[in-house]
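Worksheet for the structure shown next.
The values are calculated or read from the model by the stated rules, or taken from the named source; none is laboratory data. Every value quoted in this text rests on a predicted model; they were computed, and no experiment measured them. Cβ placement follows ideal geometry from the backbone for every residue including glycine, while neighbour counts extend to all protein chains displayed. These accessible areas exclude ligands, DNA and RNA; they are computed on the full protein's heavy atoms, side chains included. Shrake-Rupley method; radii C 1.70, N 1.55, O 1.52, S 1.80 Å.
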Amino acid sequence: MIGTMNLTLKIWRQPHAEAQGGMREYQVSGISEDMSFLEMLDILNEQLQEQGEEPVAFDHDCREGICGSCSLMINGQAHGPEVTTSCQLHMRSFKDGDTITIEPWRSEAFPVVKDLVVNRSAFDRIIQSGGYISANTGSAPEANSVPAPREKAMRAFNVATCIGCGACVAACPNGSASLFLGAKITHLGELPQGQPERYERIVDMVAQHDAEGFGGCTNIGECAAACPKGIPLDVISQLNKDLRTAIKAGR
Amino acid sequence: MAGSTLHDGLTPLNAAPTQTSDDAHGYYTLGEKIVDPVAPTGPIAQRWTTRKFENRLVNPANRRKLNIIIVGTGLAGAAAAATLGEGGYNVKSFCYQDSPRRAHSIAAQGGINAAKNYKEDGDSVFRLFYDTVKGGDYRSRESNVYRLAEVSTNIIDQCVAQGVPFARDYGGLLDNRSFGGVQVSRTFYARGQTGQQLLIGAYQAMERQVAAGTVTQYTRHEMLELIVKDGKARGIIARDLVTGEIETHLADAVVLASGGYGNVFYLSTNAMGSNVTAAWRAHRKGAYMANPCFTQIHPTCIPVSGEHQSKLTLMSESLRNDGRIWVPKRAEDCEKDPRDIPEEDRDYYLERIYPSFGNLVPRDIASRQAKNVCDEGRGVGPMVGDFRRGVYLDFSDAIKRLGEPAIREKYDNLFDMYQRITGENPYEVPMRIYPAVHYVMGGLWVDYHLQSNIPGLFVTGEANFSDHGANRLGASALMQGLADGYFVLPNTIREYLADGPFAPVSEDDGAVVEAREAVRSRVERFLSINGTRSPDSFHKELGHIMWEYCGMERTEPGLRKAIDMIRELKREFWNDLKVLGTADSLNQSLEKAGRVADFIELGELMCVDALNRRESCGGHFRGESQTEDGEALRHDDEFAYVAAWEWGGDEGQPVLHKEDLVYTAIEMKQRSYK
């Protein structure tokens, strides 16, 4: 099936981390509304390849909205105009003749690697600082020996659906990762298994968050609006509440 | 059922097969038969316990001197890295993604099986074992499968302790559901995102070990060669995908947890980056590739919408619990709005053909029947090529019976995903589904210890061939990945490592230099062919060949044709490839070129394997071997063996080693879901 849309793309090109980047303009045609946004970029890349220009580098993997690899600022919005990941955005959200601006995540804590690819290893280091429950393999009790209230388990699940894409950081004027952090704090803090380390966890994770150069939260809410998984803003309230409790307890 | 076939578990119940057909004549060389050198004996229920005791321990003080490389960070890789790190070994973990958390286990939706029998519905370790062997159409090893079923219960305990938020009932206890092809509720789930939650659990456990200093993680790194020294796996050559640097990593043992090769079909439900390279490089270094043609085609995927399609999206087959599958009885109704087609004009073909299992028949049957009705011209949705490739999966009865909120709670993320991709609302219009390649049962050959025929090279998860035989049951991939990573490998690798640390290998050693130079020259070659075609265009062409001739139905003439086409494609690849950019930077075309080159070689071997196996079993359906009703017909007299293929060299032929499958605990039966 050949589509009918013709588009102008303005794309950030940057050969490597230290290089000076800039916007380049490209034309694509024959785009179908059933294509995903990334399939549209595939077509651009095949076209560039034919013209002898190096294809645009961008992160993507599962293309079903769950791995969290894709990370495009589309027309100034993290993951574009719909509440979903870049890979699940479809071209039916655009129209013939549109000009689309595509940039990498914009955040100091996520330096550009090349073109639209950024380095999000700061998120791994935040998890390393305490985003887990210490339970060595083999040490677990019978799974049903500790019931978890259904409401709490559901809340834990809902926020555990965070895919670690970094849209929250990219959308935040302060470049804060509070939504990412709050989601993990809430996920583990809602479960009985997460209680023993609850307050150490938050102090360590907040310290790592700040050390990575993420900004502070000023309750703007762009993060929750941009989150493709709908992580609610109240995880940041939970974060602040738990942090307050921890500090009061002198941790 | 199981009770009638219970046996003392000591004497073989089947005879060794004698192959009389030779369809692949001229394409392979017959090698020596092989056996699993560490296969356990004794009553089946005692085998794993006994083996764990027999396997030697490694002194805790020695563990930190033992270096283990793990390639891949999906369930099998991350769980192994976490557990071995906790044990005090020195682990290096590699993944091509920017974070270990992105490995494709993350996309598994439906659930994970475990023989907890929380529903008191007659489940047991033996029943899970029996179902898995039966579901695999008697092409897996009994001892391995029993062990898998046995440790399944530990997995759930472990995951809950880590904070995996499984679904719970109102009392706060864990909930279960039944899942494709079985009649007990043994599947644990986290809405439609079970893989994600399990992987995050394993990832967090692994990151904890990174913080503890026992695991070092190398992200955006791709293994491109295995280092074999004095017959032992001693390390890998990896490319830093950002700087292009070719790195040498040495170790006492190497674990490949690099996933499956479904992307050989180009369109599959695998992630775009999923590839066979790590496994194939090991194969070329001597590791046997077992049953490569065993591919699982998943019945409930979103249909292809056009030529631009870059991947297919699976929807959990848990949907088959509540959705009813149908097509119009008459081809002329296929263009109608499905809601306007009255009940009597609909053909609920699975319920009609398989009254006792209905919509829950195993994946291969559901897939093949979908293809059959579409081939008859009764498919629905847009024309793709010359016919409609889709059948309805209809929730209107379930919505009437349970109410929309109940359906929403179970499946909302799947329904949302479907709507996002197709633009249609499945609460109102029946979904359209079509089969797609989803999983491969084949993989590198391993023994009971998950060790390949190269000492020191272990293979876990989807990358090995072990537990699923010719077909995998739903919700068993997650179970196997975590079983291997958390509970099996850590208890078997110690038997090997008890002889270590092994003599240090120098980076200047001949074997290391050779591996490094091989990688360097291959990278240079990709960049210097300077032809006209992109790596993707070759991949697409290979995928068409594989889907057409080595997909849901395989025939002798089709497979022969495919082999010729693949050989021609390989010649063209090495003469007409064009890769832009440089070797010393992030270069996604270059990465792709290497993966496609390996897929092409694998594709040929898959066709040879499929050609040799002149029987239908599980996901492998040979047109020449079917019953009068068109059902898969196995030939245990000829093919009750594992086909382990040895690399025969670039100019040579693959060598077939057969490992007879001997059943002592259960009898082989011709599968029937009628």
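Peptides A:18-24, B:334-340, B:370-376: what's the order by average Cβ count within 10 Å, highest mean first? Please report the intermediate quantities before stating the final value.
Working: A:18-24: 10.9, B:334-340: 12.7, B:370-376: 18.0.
Ranking the peptides A:18-24, B:334-340, B:370-376 by packing returns B:370-376, B:334-340, A:18-24.
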If each part is reduced to its alpha-carbon centroid, the range B:315-369 and the range B:436-515 end up apart, in Å, by 39
Net charge contributed by nearby residues that have their C-beta within less than 15 Å of residue A:204 (K/R +1, D/E -1)
-1
Please give, to one decimal in nm, the separation of the simple spin-label points placed at residue B:409 and residue B:397, each 7 Å out from Cα toward the Cβ.
2.3
So which of A:184/A:248; A:184/A:229; A:114/B:285 end up more than 24 Å apart by C-alpha?
A:114/B:285
Using Cα pairs closer than 8 Å and at least 6 residues apart in sequence, work out the relative contact order for the range B:628-674, in percent.
31
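Could you size up the charge dipole of the range A:120-248 around its Cα centre, putting +1 on the beta carbon of Lys and Arg and -1 on that of Asp and Glu, and report it in debye to the nearest 20?
Values: 12 positive and 12 negative charges, 36 e Å.
In total the dipole reaches around 180 debye.
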Once the dipole of the range B:99-237 is set up with Lys and Arg at +1 and Asp and Glu at -1 on Cβ about the Cα centre, which of B:228, B:138, B:107 lies farthest towards its positive end?
B:228
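Which chymotrypsin sites (Phe, Trp or Tyr not before Pro) in the range B:573-674 sit in a loop by DSSP (not H, G, I, E or B) and have at most 10 other Cβ atoms within 10 Å of their own Cβ?
Here no loop site has a sparse enough neighbourhood.
With a Förster radius of 25 Å, plug the Cβ-Cβ distance of residue B:16 and residue B:372 into 1/(1 + (r/R0)^6) and report the FRET value to the nearest 0.05.
Working: r = 35 Å, r/R0 = 1.40.
Computed FRET efficiency for residue B:16 and residue B:372 comes out at 0.10.
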Chain A, relative contact order [Cα under 8 Å, separation at least 6], %
19
Label model pair residue A:29, residue B:556: point-to-point distance (7 angstrom along the Cα→beta-carbon line) in nm is 5.2
Candidates per trypsin sites (Lys or Arg not before Pro) in the range A:72-130, loop by DSSP, up to 15 other Cβ within 10 Å:
A:95
In square angstrom to the nearest 100, the accessible surface buried at the A/B interface, both sides summed with a 1.4 Å probe, amounts to 6200
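Can you give the FRET efficiency to the nearest 0.05 for residue B:626 and residue B:514, using r as the Cβ-Cβ distance and R₀ = 45 Å?
Numbers: r = 48 Å, r/R0 = 1.07.
That pair, residue B:626 with residue B:514, gives E of 0.40.
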For a test of the definition: using alpha carbon positions, the gyration tensor, and the 1.5 limit on a/c, classify the range A:120-248 as rounded, prolate or oblate.
prolate
Computed [θ] at 222 nm, deg cm²/dmol, chain B (DSSP H ≥ 4; -39,500 (n - 2.57); rounded to nearest 500):
-10500 deg cm²/dmol
Probe 1.4 Å, accessible area per residue of the range B:554-620, Å²:
28
Rounded Å value of the spacing that divides the Cα centres of the range B:109-142 and the range B:210-268:
32
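If the chain between residue A:99 and residue A:244 were fully stretched, how many nm would it gain, using 0.36 nm times the residue separation less the Cα-Cα distance? Please list the in-between numbers first.
Working: separation 145, 0.36 × 145 = 52.20 nm, distance 4.65 nm.
Between residue A:99 and residue A:244, full extension yields 47.6 nm more.
Report, to the nearest whole %, how much of the accessible area of chain B belongs to carbon and sulfur atoms, 1.4 Å probe, protein only. Each step should come with its number before you reach the end.
Working: 10390 of 21440 Å².
Of the solvent-accessible surface of chain B, carbon and sulfur hold 48 percent.
Hey, what did chain B get for relative contact order, percent, Cα under 8 Å, at least 6 apart?
Details: 1523 pairs, mean separation 158.9, N = 674.
Taking the mean separation of contacting Cα pairs over the length of chain B, I get 24 percent.
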Any lysines with Cα under 25 Å of the residue B:65 Cα? List them, leaving off those in the same chain fewer than 8 positions away.
B:52, B:92, B:229, B:232
Multiply the residue gap between residue B:528 and residue B:340 by 0.36 nm, knock off their C-alpha separation, and tell me the result in nm, one decimal place.
61.8 nm
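Out of all DSSP beta bridges in chain B, what portion is antiparallel? Express it as a percent rounded to 5.
Working: 47 of 68 bridges.
Antiparallel bridges: around 70 percent, rounded to the nearest 5.
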Give the percent of DSSP beta bridges with both residues in the protein assembly as shown that are antiparallel, rounded to the nearest 5.
70
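With a 1.4 Å probe and all protein chains left in place, how much of the accessible area of chain A comes from carbon and sulfur atoms, in whole percent?
Numbers: 4680 of 9590 Å².
C and S atoms contribute 49 percent here.
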Computed E for residue B:247/residue B:669 - FRET, C-beta separation, R0 51 angstrom, nearest 0.05
0.50
